[in-house]
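Take a look at the structure below.
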Amino acid sequence: MARQFTLAALLLATMASAAMPDAANAQSGQGTDGSIAHLPSLRGDYFLLESQAVGRAYHIYVRLPEGYQEDENHRYPVVYLLDGDSTFPMLAPLHLFMHYDDKLPEAILVGIAYGGFQPSINKRDVDFRLVMDDGSEGGAARFLAMLEGELLTRIDRQFRTDPERRVLVGQSRGGSAVLQAAWLKPGLFWGHIASNPGREPDTGLLFGMNRAPPQRPRGGHLIVASGSQDRDYLRGTALQWRDQIASRDDLPWETHFIDIEGGTHAANLGDAYRRGMKIMFPVPDEPQD
């Protein structure tokens, strides 16, 4: 995925190397250096999360809605972006443009980043997997514990979020992590968008296809997006998910399958995000997928 997101990675590197102003100054555009404060579509906050659950640090980028400082009583949906090193600078501006053109509600976007693509730094291959290739335990359980017990609570405490409208977004192996969160932590997120998700190494299936559904009240959304030109083995499994899972009526979510005609594995994440968010936040009288 790194090759497709070179420009995004360069942007994140610039952001990470600059001093980050506090949220109030960032939203007002203040700042005397070359920081993110001068990029209004990404403007918000940054902090380093030293995770006790995982034992590693994460770079957390927060994009605040336009007008966030003007209404101190308004609460916003919050969208958590896995692989934030690349997805945050890509999807935060897209969300703003969707707010303008698609009437999508403004939201707080949170990018969970590693700080680079180098294997010594980027541990997505551990954090997003329950089982490693050699059969040993992956880090997914610890990563989910970090989300639930450390990051989400801090974001809810620090910003005006609507915890009833939390959304988790992931691409490729990050999409697998989205499906894992849905099944293993049902109710932690209201919305889930898994774009071209990877398959489980132990079963060759998308997570949940061979598991009993969680027992909880129905509510929220589970969305899988698949590009028609994704890798053959992933495309085939996604179509199985469409036929075996999305058609079921005993799951605790509204399930949706998004077919992105001509979409490739990584380059159409923006299309998956746009279509998925429009399903979850429909404009009245506008036809849905």
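Would you kindly work out the equivalent ellipsoid of region 228-275 from its C-alpha gyration tensor and give its semi-axes, the square roots of five times the eigenvalues, largest first in whole Å?
Values: eigenvalues 88, 38, 9 Å².
In descending order the semi-axes read 21, 14, 7 Å.
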Rounded to the nearest 0.05, what FRET efficiency do residue 48 and residue 162 have when you use their Cβ-Cβ distance and R0 = 25 Å?
0.50
In degrees, nearest 10, range 0 to 90: what is the angle between the Cα axis of helix 6-17 and the longest Cα principal axis of the chain?
40
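Please compute the length gained on full extension between residue 232 and residue 57, using 0.36 nm multiplied by the number of residues separating them and subtracting their Cα-Cα distance. Write out the running numbers ahead of the final one.
On the way: separation 175, 0.36 × 175 = 63.00 nm, distance 3.49 nm.
Here the segment from residue 232 to residue 57 would lengthen by 59.5 nm.
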Please find, in a Gaussian network model of the chain (springs between Cα atoms separated by less than 10 Å), the residue of 228, 51, 136 whose mean-square fluctuation is greatest.
136
Angle check, please: helix 269-280 long axis (alpha carbons) against the longest principal axis of the chain (alpha carbons), in degrees 0 to 90, nearest 10.
80
Simple spin-label model, 7 Å along Cα-to-Cβ: residue 216 to residue 185 in nm?
1.0
If I model region 58-118 as equal point scatterers sitting on the Cα atoms and use the Debye formula, what is log10 I(q)/I(0) at q = 0.16, 0.22, 0.28 Å⁻¹?
-0.52, -0.86, -1.15
Return the lysines within reach of residue 123: Cα separation strictly under 30 angstrom, same-chain partners fewer than 8 residues apart disregarded; answer none if there are no such residues.
185
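Could you calculate the contour length gain from residue 203 to residue 132, that is, 0.36 nm times the residue separation minus the distance between their Cα atoms, to one decimal place in nm?
Values: separation 71, 0.36 × 71 = 25.56 nm, distance 1.17 nm.
Net length gain for the segment: 24.4 nm.
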Rounded to the nearest 500 deg cm²/dmol, what is the calculated helix-only ellipticity per residue at 222 nm for the chain, with -39500 (n - 2.57) per DSSP H run of length n ≥ 4?
-9500 deg cm²/dmol
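Out of the trypsin sites (Lys or Arg not before Pro) in region 150-229, which ones are loop residues according to DSSP with at most 10 other C-beta atoms within 10 Å? Could you put the intermediate results ahead of the total?
Values: sites: 154, 157, 160, 165, 166, 173, 199, 211, 218; in loops: 160, 199, 211, 218.
Of the trypsin sites (Lys or Arg not before Pro), the ones in loops of region 150-229 whose Cβ has at most 10 other Cβ atoms within 10 Å are 218.
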Here the alpha-carbon Rg of region 62-169 over 2.2 N^0.38 Å rounds to 1.21
Mind checking which lysines have their C-alpha under 20 Å from residue 278, skipping anything on the same chain fewer than 8 residues away?
103
Rg over Rh, two decimals, the chain (C-alpha only, Kirkwood Rh):
0.94
Calculate the tail of P(r) for region 148-252: the fraction of all Cα-Cα distances greater than 21 Å, expressed in %.
35
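Quick note: the coordinates plus some simple rules give every number you see, no bench work behind them. No experiment lies behind these values; they were computed from the predicted model shown. Virtual Cβ from ideal backbone geometry, glycine too; neighbours counted across all protein chains shown.
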